[in-house]
Amino acid sequence: VTASTKVQGWQTKENDERQILTVELLNAVDDQVTVEVHTEQKLDEKTVSIGGYEEGGAARGIHALDVVRESGQIVVSHGSDLSLRVTDQAGVVRIEPDEVAKEIRQAGALAYKYYSPAFTLSVAVSDVEPRVRVAQLVNLVIGDDELEVFSDLSYTIERAGLFEFRIGLPEGLVIDDV
């Protein structure tokens, strides 16, 4: 937890279906202050609810309490080995990258604006599937009692790495060498 003014300390406590973070400031503030909260959570599910509240009141994101109004921007980014797909959205508007606040702007990220904490934004997370292309050169040598097949498979792999190749062979073909 950091702030644009001096922080005396902070603490969290469990309350119903959410945690409450209390940030104590060294001096009273009567104009504007920015509080930055960094969190992390293990990603157990393949669908992530990013913000808003559930019907029972449980928070799905970080939201200010005891305020007259809450609005903001959300930027969703991901690692190069993952892909995201929006599965549910309500009460948020997609915005262009140049509309995103400089502090959270990221290339290639999804960006949204909300005007009330009563919104829903969920994304499905999945591993990036590799895109594989193959160019094959085949040399057939026909002998008196044997057919020899020499096949060169040149793979081009994009987006993600592969740890194995599966190759289909006709029944009865004996492999001499790979």
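The values are calculated or read from the model by the stated rules, or taken from the named source; none is laboratory data. Everything numeric in this text was worked out from a predicted model, so none of it was measured. Because the Cβ atoms are built from the backbone with ideal geometry, glycine has one as well, and the counts that use them run over all protein chains shown. Accessible surface is based on the protein model in full, side chains and every heavy atom, while ligands, DNA and RNA are left aside. Shrake-Rupley method; radii C 1.70, N 1.55, O 1.52, S 1.80 Å.
Each residue in the stretch 61-90 was checked for being of a type in the set (Lys, Arg) and farther than 17 Å from residue 113 by Cβ, and 1 pass.
Say whether the condition of being within 30 Å of residue 62 (Cβ to Cβ) and within 19 Å of the chain's Cα centre (by Cα) is met by at least one residue in the stretch 140-162. Within the stretch 140-162, not a single residue is within 30 Å of residue 62 (Cβ to Cβ) and within 19 Å of the chain's Cα centre (by Cα). Of all residues in the stretch 10-42, those being in contact with a strand residue (DSSP E or B) (Cβ under 7 Å, 6 or more places away or on another chain) and either within 30 Å of residue 125 (Cβ to Cβ) or not in a loop (DSSP other than H, G, I, E, B) (or both) number 16.
The single residue among 69, 105 that is in contact with a helix residue (DSSP H, G or I) (Cβ under 7 Å, 6 or more places away or on another chain) and either open to solvent by less than 70 Å² (accessible area, probe 1.4 Å) or under 26 Å from residue 21 (Cα atoms) (or both) turns out to be 105. When 87, 34, 39 are screened for being out of contact with any Leu (no Cβ under 6 Å at 6 or more places or on another chain), in contact (Cβ under 8 Å) with a residue 24 or more places away in the chain and within 30 Å of residue 159 (Cα to Cα), only 87 passes.
Reported count of residues in the stretch 108-156, each being open to solvent by less than 50 Å² (accessible area, probe 1.4 Å) and free of Cβ contacts under 8 Å to residues at least 12 places away in the same chain, is 1. Right, residue 98: out of contact with any strand residue (DSSP E or B) (no Cβ under 9 Å at 6 or more places or on another chain), under 30 Å from residue 36 (Cβ atoms) and either at pLDDT 90 or above or open to solvent by 100 Å² or more (accessible area, probe 1.4 Å) (or both) or not? Yes: the conditions hold for residue 98. Only a single item in (1) open to solvent by less than 70 Å² (accessible area, probe 1.4 Å); (2) in contact (Cβ under 8 Å) with a residue 24 or more places away in the chain is not met by residue 22, and it is number (2).
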